[in-house]
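Written out below as structure tokens is the structure these notes cover.
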Amino acid sequence: MTRVTGEAATADAARVIRRLCRHWAHKFPVKFDDNSGEIQINDVRVAMQASAETLHVTLENPTGEVPARLPGVVADHLARMAGAESGLQVHWQAPEATSPIDPQG
């Protein structure tokens, strides 16, 4: 399993999440509410959470790798949904790889 996390400073996180979910709803399974959203892009789950001044993003693939270009694609789309004047930038952390727990020990 691989997980990539990122954050973007914005007071409009909830609006940006809703706009991206609506934008990609014709292409991918999405669900969202007032403060969070999820988009399933093939094997990768894109989870977004809004807080007062930050948009939190997690890309997670339970069966393999998160494609190297996907964080950039998501960040570009989030910036577009925020509007050019916002200057929204997602700051990504290094990918985390975790192994499934072996029940045999």
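Per this entry, T10 is not counted among residues that are touching a helix residue (DSSP H, G or I) at 6+ places or on another chain (Cβ under 8 Å) and either among the charged types (D, E, K, R) or surrounded by fewer than 19 Cβ atoms within 10 Å (Cβ to Cβ) (or both). Being β-branched (V, I, T) and either without any contact (Cβ under 8 Å) to a residue 12 or more places away in the chain or within 15 Å of L88 (Cβ to Cβ) (or both) holds for only one residue in V44, V30, and it is V30.
Listed by position, the strands (runs of 3 or more DSSP E) enclosed by region 11-102 that each have at least 2 residues that are closer than 24 Å to M1 by Cα, out of contact with any Phe, Trp or Tyr (no Cβ under 9 Å at 6 or more places or on another chain) and not basic (K, R) are 36-41, 44-50, 54-61.
No lab work stands behind these numbers, since they all come straight from the coordinates. Because the structure is predicted, anything quoted here is derived from the model rather than measured. No Cβ is skipped: glycine too gets one built from the backbone with ideal geometry, and neighbour counts run over all protein chains shown.
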